[in-house]
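None of the figures in this text is laboratory data; all of them are computed from the coordinates on show. Quick caveat, the model's predicted, so the values are computed rather than measured. We place every Cβ from the backbone using ideal geometry, glycine too, and count neighbours over all the protein chains shown.
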Amino acid sequence: MKKLSVINKIIFIINSLLAACLLLSYLLPYISPNTAAIFAILSLLVPILIITNVVFLLFWLLKLKKQLILSTFVLILGWFFTPPLYKLTSTESSLNDDLKVMSYNVRMFNHWKWIDEDSIPQKINKFVVEKSPDILLFQEYYKLEKQQFSYPYRYIETKNETINIALAIYSKFPIINKGSLNLKNTPNNIIFADIVRKKDTIRVYNLHLQSLQLTIDKENFGQENSEKLIARLKEGFKKQALQTEVFLEHEKKWQGKKIIAGDFNNTSYSWVYNQISADKKDTFIEAGQGFGKTFNYWFPMRIDFILTDKNAIVNQFHSFSEKNSDHFPILAKINW
């Protein structure tokens, strides 16, 4: 520090604080929001912390200063113990009998005109037809839009008769069993369907966990009273934790092949993701490339997932860039 200029000393102090925050974030997957909800907020900021530490590393590298060791150490530690923020390579193998699974939060097909365009429902429909997934999962499906998807089997579930926002599972294969977990005190929900493909019965869960209400058009972290924002986030994380526990209790009763997909409203650095993804494969990690960004926010947020059981083989994963919602659709090719 003695050989650093005053400006560089200030930069290194900021570097140290952000490196410490990133290091602390590595513990977040093991701390339930019910224990310390305030720390769960940090999970949303992990992508920013990773990127800023990379910038600091490059800054000190260009100056040939030993201060680069700090961010380098923290980033290397994260490489071994946390899910990747960015993937350099992808898997692009494919088999004729791959199961194509798509998850898409369609934001009510733009029913309330968040996007100033009348053709959003048609664009979503066209996109789905082009990709032709075998199993199609929608979150924030809006029944009044009367979308027509050419699938012989479907399960569309609302929380009650007065609500038109639903979760939906469409399938090219027979659905022999279905149900809803009926999450309490929330408009969000989890549904499942048992789908028969050849001789296999595959349980497919469609999750839409508690929304944190971070919008791309009206809010960022600096526009709202900080105390109210933090209180709302803490409450949202606590609800997500309870919903996760309900899901895990239900899921453990099924021992066969399974797919868990949907909008978790939380990142891969969270306790929620860590609990749900335990003993499973994340299709992005297995076969994806790039950031895998799924939410149209000002920094890369991956909050939509397709997970499989450990016995599955993931041949492809794609996150698309169609801006027909505040979420981007994701698709995986899976085999067993």
Practice prompt. Please list 227-238, 155-166 highest first by mean number of surrounding beta-carbon atoms within 10 Å per residue.
Written response: 227-238, 155-166
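Rounding to the nearest 20 debye, state how big the charge dipole of the stretch 173-298 is about its Cα centre with +1 on each Lys and Arg Cβ and -1 on each Asp and Glu Cβ.
Values: 19 positive and 14 negative charges, 104 e Å.
Result for the stretch 173-298 is approximately 500 debye, rounded to the nearest 20.
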Worksheet item: Can you list residues whose amide H is under 5 Å from residue 179's amide H, if they're 5+ apart or on another chain and H is modeled 1.01 Å from N?
Response: 192
Response to the item:
Applied in sequence order to the stretch 286-303, the curve 6.51 cos²θ - 1.76 cosθ + 1.60 (Karplus, θ = phi - 60°) yields integer Hz couplings, x standing for Gly and Pro, of 6, 9, x, 8, x, 7, x, 4, 10, 10, 7, 10, 7, 9, x, 10, 10, 10
Worksheet entry | Cα-based equivalent ellipsoid of the stretch 267-308: semi-axis lengths in Å, sorted from largest, via gyration tensor | 18, 13, 7
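Which of 98, 263 comes first, and how do the rest follow, when ranked by fewest Cβ neighbours within 10 Å?
Values: 98 17, 263 25.
With the fewest neighbours first, 98, 263 line up as 98, 263.
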Worksheet item: Got a sec to turn the phi values of the stretch 108-121 into Karplus ³J(HN,Hα) couplings, 6.51 cos²θ - 1.76 cosθ + 1.60 with θ = phi - 60°, whole Hz, x for Gly and Pro?
Response: 6, 6, 6, 4, 9, 6, 4, 9, 7, 7, 7, 9, 4, x
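From Cα pairs below 8 angstrom and at least 6 apart in sequence, can you work out the relative contact order of the stretch 50-192, rounded to a whole percent?
Working: 168 pairs, mean separation 23.5, N = 143.
Answer for the stretch 50-192 is 16 percent.
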Worksheet, complete the sentence: Filtered hits (lysines, Cα-Cα < 17 Å from residue 3, offset >= 8 within chain) -> 63, 65, 66
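Find the all-direction average of the projected area of the Cα convex hull for the stretch 6-81, expressing the result in square nanometres with one decimal place.
Values: hull surface 20.6 nm².
Mean orientational projected area (the stretch 6-81, Cα hull): 5.1 nm².
How high is the relative contact order of the chain, given as a whole-number percent (alpha carbon pairs under 8 Å, six or more residues apart)? Don't skip to the answer; put the middle values down first.
On the way: 645 pairs, mean separation 73.4, N = 336.
It rounds to 22 percent for the chain.
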Fill in: In sequence order, calculated HN-Hα J values of the stretch 149-163 (Karplus, 6.51, -1.76, 1.60; Hz; x Gly/Pro)
10, 7, 10, x, 10, 7, 9, 10, 10, 9, 5, 7, 5, 8, 10
Worksheet entry | Amide H partners (placed H, <5 Å) of residue 313, local residues excluded | 335, 336
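Distance check, please: which entries in 146/310; 146/238; 126/178; 172/238 exceed 29 angstrom between their Cα atoms? Each step should come with its number before you reach the end.
On the way: 146/310 37 Å; 146/238 34 Å; 126/178 27 Å; 172/238 36 Å.
Over 29 Å apart, Cα to Cα: 146/310; 146/238; 172/238.
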Worksheet entry | Reach of residue 234 by Cα under 22 Å, taken over lysines that are not fewer than 8 positions away in the same chain | 184, 218
Worksheet item: In what order do 242, 18, 137 fall by count of nearby beta-carbon atoms within 10 Å, going from fewest to most?
Response: 242, 18, 137
Item to complete: Could you please state, rounded to a whole Å, how far the C-alpha centre of the stretch 116-135 is from the C-alpha centre of the stretch 20-87?
Response: 37 Å
Item to complete: Sketch the reach of a paramagnetic label on residue 62 as a point 7 Å from Cα along Cα-to-Cβ, and name the residues of the stretch 16-36 whose backbone nitrogen lies under 20 Å away.
Response: 16, 18-19
Item to complete: Give me 272, 6, 128 ranked fewest to most by other Cβ atoms within 10 Å of their Cβ, as a rough exposure proxy.
Response: 6, 128, 272
Worksheet item: Which order do peptides 176-182, 29-35 fall in by mean Cβ count within 10 Å, highest first?
Response: 29-35, 176-182
Worksheet item: So what is the relative contact order of the stretch 6-81, in percent, for Cα pairs below 8 Å that sit 6 or more residues apart?
Response: 35 percent
